Amino acid sequence: MSNLLENYYNNTKIKTILGKTTSFNGRLSFKDSLKINGAFIGEINADGVLVVGEDAVVQANVEADTVVVLGTIKGDVHAKSKVEMEPTGRVYGNVRARKIKISDGVIFNGRCEIIRDAK
């Protein structure tokens, strides 16, 4: 991904970006869009788009509208809309979403479940 577009998702600028040197623990919630480029341990519950950057390591159960994985997630992922696992992505946990995209090169260890509604 080019440097110019790395802070965009679906032609929309990502509102908040946590840098590569950022490391934090706890419960994280947000309503718009967030990109994590560093490390996070805890729980994520969001109404918006979560992008896990290429160098990021997230050790958490994740609940969001859309989750885009370029880095590593260790935990279960539940998206109301979709989960996109890009070629550099690694997911160690179960994934539930209306739409799931797994690109060539992804490392995925878990189960996938396509859901009909946003439970």
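Once the range 84-104 is narrowed to residues that are among the β-branched types (Val, Ile, Thr) and within 19 Å of Asn61 (Cβ to Cβ), the residue that is surrounded by the fewest Cβ atoms within 10 Å (Cβ to Cβ) is Ile100. So, Val58, is that one on the phi < 0 side of the Ramachandran plot, within 10 Å of the chain's Cα centre (by Cα) and touching a residue at least 24 places away in the same chain (Cβ under 8 Å) or not? No: the conditions fail for Val58. The lone criterion from (1) touching a Pro at 6+ places or on another chain (Cβ under 9 Å); (2) touching a residue at least 40 places away in the same chain (Cβ under 8 Å) left unmet by Val51 is number (1).
Every read-out reported here was derived from the displayed coordinates using simple, explicitly stated rules and does not represent laboratory data. Keep in mind that this is a model prediction, so the values were computed, not measured. Ideal geometry is used to build each Cβ from the backbone, glycine not excepted, and the neighbour counts take in all protein chains shown.
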